[in-house]
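The values are calculated or read from the model by the stated rules, or taken from the named source; none is laboratory data. From a predicted model like this one, the values you see are computed outputs, not experimental measurements. Cβ placement follows ideal geometry from the backbone for every residue including glycine, while neighbour counts extend to all protein chains displayed.
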Amino acid sequence: MLILNVSLGARSYPIHIGPALLDMPLGSFVGRQVAIVTNDVVAPLYLERLTRPLKQAGILVTEIILPDGESHKNWESLNVIYDRLLAERCDRTTPIIALGGGVVGDLAGFAAATYQRGVPFIQVPTTLLAQVDSSVGGKTGINHPRGKNMVGAFWQPRLVLADTDTLNTLPDRELSAGLAEVIKYGLIRDLPFLEWLEAHMDQLMARDSAALSYAIERSCINKAEVVAGDELETAPQGGRALLNLGHTFGHAIETGMGYGVWLHGEAVAAGILMAVELSRRLGWLAAADVERVQRLLVRAGLPVRGPALGAAQYLDLMGHDKKVIAGRLRLVLLKRLGEAVTWADAPQAEIRAAIEACCE
Ligand code: NAD
Ligand code: GLY
């Protein structure tokens, strides 16, 4: 097992990465009661494994099982969680554990941030995407019909437990979606990792456990460093915003198509290619760089063409993104492979052209 640290002063916490971590006794993190939020796909696979040692230790466990899917990352699910927490008399010391992918993690984390003004939170991510990205860094929230992740809070977990064995049951499409966020780290700040990904993509797609563990480790190291430097994404330039490469385009795809039609990682992949194409149009990348990124995304089983929403709808939806500040859209672009910047000066015509070049 590997333990990394997210350094945030009094709110620092460990990320445990390795096999069989679901069996790890959580007694020292939990008092007499705990609530576990999961969904109806993950619960039959892993809930009993997680609850058994807790129940054996005499801890009162409240299991909250939500319907699966991005379309349920909303107020209704949040209210289901609050209702159960209240019905089971969970108090301000009762930790909430998220067992599942990024949807469960974002929902349970937002419930933890807001229930009785905040309760302890533990992330047990079971998708590749959640193990490399969403479980680390404290972004929590829900979608609004008009925009992705529009309501939420920063609320750091006390512990992240990434059991790599859980990836064995992950559908191929979800594995690919997670790889989009892995590739992102290489593109924005870690060229050696990008080169490693190019050399090892076949092993990752074949679920080689050593390759997957290394990719998770390197992704979490990158994420932890960025989050430690700009926890609340307030840096005027660069900082945590760089983790959103491709996301402003991708969020437009997710919202425009209806939540859950395109997986988050798929939308991010198509969005990354739009950002890379725009970076080429601004003179920062060569055509060969764009082809190189496209090749890697395709090898990871990811789409590289966005849906035909029309450039006008993309631009309208992107105008609602959280990256818009004082009416100006701040995009994450690449100065070169391995070095990202935030950029608010891209001409609208070039953004439109990049979208059109990368759409069905
Ligand atoms: P997800 O949570 O919907 O999980 C994907 C699918 O896999 C679901 O059907 C889920 O039930 C299933 N599943 C989960 N674990 C499984 C397992 N071990 N075996 C079999 N099936 C399993 O999607 P995701 O890709 O994990 O997360 C996407 C969400 O994360 C989006 O809502 C996105 O906005 C959010 N996100 C948040 C952050 C953040 O920093 N908070 C970062 C990136 C993404
Ligand atoms: N996934 C982007 C962030 O955590 O900031």
How many residues of region 294-303 are surrounded by fewer than 20 Cβ atoms within 10 Å (Cβ to Cβ) and of a type outside the set (D, E, K, R)? The answer is 3
Within region 32-51, track down each residue that is in contact (Cβ under 8 Å) with a residue 60 or more places away in the chain and touching an Asp or Glu at 6+ places or on another chain (Cβ under 6 Å).
Ile36, Asn39
Could you please find all residues in region 133-149 being at negative phi, assigned to a strand (DSSP E or B) and either crowded, with 22+ Cβ neighbours inside 10 Å or within 11 Å of ligand 1 (Cβ to nearest atom) (or both)?
Lys139, Thr140, Ile142, Asn143, Lys148
At positive phi, under 19 Å from the mean Cα position of the chain (by Cα) and more than 16 Å from ligand 1 (Cβ to nearest atom) - does that describe any residue in region 268-291?
no
Subset of region 197-236 [of a type in the set (Ser, Thr, Tyr) and within 16 Å of ligand 2 (Cβ to nearest atom)]
Ser219, Thr234
Out of Leu107, Leu129, report the one residue that is within 6 Å of ligand 1 (Cβ to nearest atom), aliphatic (A, V, I, L, M), modelled with pLDDT of 95 or more and crowded, with 24+ Cβ neighbours inside 10 Å.
Leu129
If you go through region 212-250 one residue at a time, how many are buried (at least 24 other Cβ atoms within 10 Å of the Cβ), small (Gly, Ala, Ser) and either free of Cβ contacts under 8 Å to residues at least 12 places away in the same chain or away from ligand 1 (no atom under 13 Å from the Cβ) (or both)?
1
Identify all residues within region 254-281 that are in a helix (DSSP H, G or I), touching a strand residue (DSSP E or B) at 6+ places or on another chain (Cβ under 7 Å) and more than 16 Å from ligand 2 (Cβ to nearest atom); write none if there are none.
Thr255, Ala270, Met274, Val276, Leu278, Ser279
